[in-house]
Amino acid sequence: MEKQNKEPQAAAPAEFDPDAFLVVPARTFEDLRIGEVFRAPSRTLTDAHAAAFQTVSADNHPVHYDAEWARKHGHSAPVVHGLQVLAFTAPGATLFPHFIGEVFISFLEVSCTFLAEVHSGDTLYPALTITGLEPNGGNGVVVTAATIHNQRGQLVLSGQHKYLLRRQ
């Protein structure tokens, strides 16, 4: 007598749908609203992060790695590269590109002002806030305020991004 398999049988898989794997529901230019905020997870900068950026950027100014030089020139510690701080505003660190992935055309523009020094050990809190939605023919420009605060609540970077999206 044959032994019957008592294992439950898995249901046949449904037809594969890659759209079912979206992180968030796709949105259009028309779905976006001024005032929406897209935050990135906080991140504490370490000496390793600063050293890696120094290697990639080839920026070898001693203000970024020489504690004695930095103190001699009025800094409390080596200063994290400004471009590294700006990189924390990358839209991909937030969910924003997941929302607009189906209508995204290009990242048009970035600008910023560095308002305070960032040092190894600081924790950064980046956010993008929609401040403008500018229809432009069959496309639209999304303007965001880019901000980064540190662990003390101090605004260390203020800037702006612009993205070009397809309209419906």
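The values are calculated or read from the model by the stated rules, or taken from the named source; none is laboratory data. Because the structure is predicted, anything quoted here is derived from the model rather than measured. Methodologically, a virtual Cβ is constructed for each residue, glycine included, from the backbone with ideal geometry; neighbour enumeration extends over all protein chains shown. All accessible areas refer to the heavy atoms of the entire protein, side chains included, with ligands and DNA or RNA removed. Shrake-Rupley method; radii C 1.70, N 1.55, O 1.52, S 1.80 Å.
Points worth noting:
- Inter-residue pairs, beta-carbon under 9 Å, first among the polar types (S, T, N, Q) and in segment 102-125, second open to solvent by less than 70 Å² (accessible area, probe 1.4 Å) and part of a loop (DSSP other than H, G, I, E, B), 6+ apart: SER120/LEU45; SER120/THR46; SER120/ALA77; SER120/PRO78; SER120/VAL80; THR123/SER42; THR123/LEU45
- From PHE53, PHE88, residue being in contact with an Asp or Glu (Cβ under 9 Å, 6 or more places away or on another chain) and within 19 Å of ALA146 (Cβ to Cβ): PHE53
- Taking every residue in segment 130-159 that is without any contact (Cβ under 8 Å) to a residue 40 or more places away in the chain and pairing it with any residue that is surrounded by 13 or more Cβ atoms within 10 Å (Cβ to Cβ) and of a type in the set (Asp, Glu), at least 6 positions away or on another chain, the pairs with Cβ-Cβ distances below 6 Å are ASN150/ASP122.
- Test for LEU83: is it open to solvent by 70 Å² or more (accessible area, probe 1.4 Å), over 13 Å from the mean Cα position of the chain (by Cα) and hydrophobic (A, V, I, L, M, F, W, C): yes
- Selection count where residues are among the aliphatic types (A, V, I, L, M) and surrounded by fewer than 16 Cβ atoms within 10 Å (Cβ to Cβ), scope segment 111-120: 2
- Residue ID - surrounded by the fewest Cβ atoms within 10 Å (Cβ to Cβ), chosen from residues in segment 19-55 that are of a type in the set (Val, Ile, Thr) and more than 30 Å from PHE99 (Cα to Cα): THR55
- Wholly enclosed strands (runs of 3 or more DSSP E) of segment 61-154 bearing at least 1 residues modelled with pLDDT under 95: 123-136
- Residue ID - farthest from GLY132 (Cα to Cα), chosen from residues in segment 18-60 that are assigned to a helix (DSSP H, G or I) and in contact with a Ser or Thr (Cβ under 7 Å, 6 or more places away or on another chain): ASP47
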